[in-house]
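Notes follow the structure.
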Amino acid sequence: MTGAIGLACSSCASEESAEAAPEPAEATANLATEGETHIRNIRQLTSGGENAEAYWAFDGSRLIYQAKKPGAECDQIYIMDPETGDSQLVSTGEGRTTCSYFYPAGDQILYSSTHHHDAACPANPDFSLGYVWPIYDTYDVFVADIDGSNLRQLTTEDGYDAEATFSPTGDRIIFTSTRDGDLELYSMAPDGSDVQRLTDRIGYDGGAFYSPDGSKIIWRAHYPEPGPEADDYLALLEQGLIRPGELDIYVMDADGSNQRQVTDVGGASFAPYWHPDGDRILFSSNHHDEQGRDFDIYMINVDGTGLVRITRADGFDGFPVFSPDGGHLVFASNRNNGGTSDTNVFIAEWVEGG
């Protein structure tokens with residue numbers, strides 16, 4: 001979930017809590033691109049700024065997402081009505097936030113934040129090193145009530161703790177942490193206890209999600225080759241950075257066993273999410289673009305077969321998330337941004353077999 005499109009956050013003013021996105025227009029044909037046969041009746045849910053990583057409540061009633069609203073310096077967390085696009089701030093308005101998710105019961109939310117270390121935004125990464133993602137060691141995972149009140153800290157270890165999501169069974173949270181010196185996946189109980197490490201290879205493991213029945217986990221990873229590549233990875237990690245140019249999608253059993261690679265298409269494949277049937281995975285990738293600048297959404301079987309391209313718009317399409325019933329797809333896109341760098345959240349009806 002870490003900033004694939006440069007999403008940032010800020011110490012937004014508390015009065016932003018009442019902010020609502022403009023009511024979205026009716027679904028229009030110009031939001032679709034020729035060849036996008038699996039999605040129809042696309043509606044734009046946000047307008048302006050950087051909006052992404054919108055995840056459904058388990059009952060399909062609401063979305064939670066992160067956004068750097070116009071005039072803000074870095075991301076905060078919002079809850080949205082998917083019918084109207086109305087949204088409300090539910091994070092503190094301080095620090096930088098990322099990776100929000102609902103508890104299965106729908107009465108609480110997860111997200112990671114730096115606000116308890118500093119109310120200001122942490123510094124942006126040094127892009128003189130190339131395109132890098134920041135891994136802020138001031139992130140911790142928090143839980144709050146659905147309106148953002150009653151905030152409690154779940155992780156207290158030194159280092160990066162973020163990218164937390166919940167199992168649909170309600171018994172485990174999976175997250176990424178540097179607590180043991182590398183970016184690994186861990187699971188914990190809903191109260192932050194019983195932390196168990198699930199991965200152990202040198203490299204980045206992150207963006208993990210449980211399958212609809214809670215039996216499996218998908219995630220994105222890159223494992224550098226021993227030698228100069230691994231040395232570069234570790235040197236960047238010491239500076240709180242990773243280079244996300246190469247990523248693939250992996251799957252394992254919920255206890256960390258039976259780890260195996262799903263994608264092998266080159267480039268950066270990330271933001272995997274399960275189809276409700278538990279047999280297919282959506283993800284975003286730039287492997288089709290020699291310049292690596294155009295990201296589109298793809299679907300693949302969990303065994304690595306049957307790759308299908310879902311979106312074809314210029315620029316960025318990513319963070320695809322199915323509604324619990326499989327009837328709708330929410331995703332982030334640069335489409336319809338008037339030539340700006342804005343990224344917005346869109347919702348479309350899913351067309352099976354399109």
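Table for the structure above
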| read-out | value |
| --- | --- |
| Residues whose placed amide H lies under 5 Å from that of Leu247, excluding near-sequence neighbours | Ala268, Ser269 |
| In range of the label at Tyr131: residues from segment 275-296 whose backbone nitrogen is under 12 Å from the point 7 Å along Cα→Cβ | 285-296 |
| Ranked list, fewest to most other Cβ atoms within 10 Å of each Cβ, for Lys69, Lys216 | Lys216, Lys69 |
| Descending principal axes extents, the chain, alpha-carbon based, whole Å | 49, 47, 43 |
| Using θ = phi - 60° and Karplus 6.51 cos²θ - 1.76 cosθ + 1.60, couplings along segment 322-338 (whole Hz; Gly, Pro as x) | 6, 5, x, 8, x, x, 9, 10, 9, 7, 9, 7, 7, 4, 6, 9, x |
| Computed [θ] at 222 nm, deg cm²/dmol, the chain (DSSP H ≥ 4; -39,500 (n - 2.57); rounded to nearest 500) | -1000 deg cm²/dmol |
| Projected label distance in nm at Asp277 and Glu225, using a 7 Å step from Cα toward the beta-carbon | 3.7 nm |
| Integer Hz, Karplus 6.51/-1.76/1.60 couplings in order for segment 187-204, x for Gly and Pro | 10, 8, 6, x, 8, x, 8, 6, 6, 10, 7, 10, 10, 8, 9, 5, x, 8 |
| Volume in Å³ per residue [convex hull over Cα atoms, computed for segment 194-247] | 104 Å³ |
| Local electrostatic count at Glu53 - Lys and Arg +1, Asp and Glu -1, tallied over other residues with Cβ under 15 Å | +1 |
| Sorted peptide list for 71-80, 137-146, criterion being average Cβ within 10 angstrom, highest first | 71-80, 137-146 |
| Relative exposure of Cys121, Cys99, judged by other C-beta atoms within 10 Å (fewest first) | Cys121, Cys99 |
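Taken together, the values in this text are just the output of simple stated rules run on the coordinates, not laboratory data. As the structure is a prediction and not an experimental result, all values here were calculated from the model. Positions of Cβ are backbone-derived with ideal geometry, glycine not excepted, and every protein chain shown enters the neighbour counts.
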